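The values are calculated or read from the model by the stated rules, or taken from the named source; none is laboratory data. No experiment lies behind these values; they were computed from the predicted model shown. Because the Cβ atoms are built from the backbone with ideal geometry, glycine has one as well, and the counts that use them run over all protein chains shown.
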Amino acid sequence: MRKAHTIILNNSRLRKVRSNLRLLIAHACWDEMESLRALLDGIAINSIESSLIYSQILDIEEALRKSICMCGTCRDLENDMIYFPSLKEWHCVKCDSKKLIWYPKPKS
Ligand SMILES: [Zn+2]
């Protein structure tokens, strides 16, 4: 099993830039998801069009959740992050230190 990869920034200015960029990306995703949800108004719930829109919303949500911008556990946008290759997700150091991250059992 590959080891987790941690990215820690100690410089407060760099942390602020990182937080602002993460927030900017998250807001872009949330805006896009909201625009897609608005398209659902007037579309039949079980239609092919609504399924495609829901699929796009879920894809954006999953991409944001698995990105380094957001902790996969607590959804935090500001902490240092750790990448877990087995999960293919980033989680914050606080969730890792509190042992809140679920690891799948290694295959034997
Ligand atoms: Zn977290």
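Among residues of segment 56-78 that are within 13 Å of Cys95 (Cβ to Cβ) and in contact (Cβ under 8 Å) with a residue 40 or more places away in the chain, those with a Cβ under 9 angstrom from a residue that is of a type in the set (Phe, Trp, Tyr) and crowded, with 18+ Cβ neighbours inside 10 Å, sequence gap 6+ or separate chain, pair up as Met70/Trp90. Within segment 20-36, can you find the residues that are charged (D, E, K, R) and over 14 Å from Ile68 (Cβ atoms)? Across segment 20-36, the qualifying residues are Asp31, Glu32, Glu34.
Where helices (runs of 4 or more DSSP H) sit wholly within the chain, those with at least 2 residues that are surrounded by 12 or more Cβ atoms within 10 Å (Cβ to Cβ) and away from the ligand (no atom under 16 Å from the Cβ) occupy 12-39, 48-66. Screening Lys66 with (1) within 26 Å of Leu9 (Cα to Cα); (2) modelled with pLDDT of 95 or more gives one miss only, at (2).
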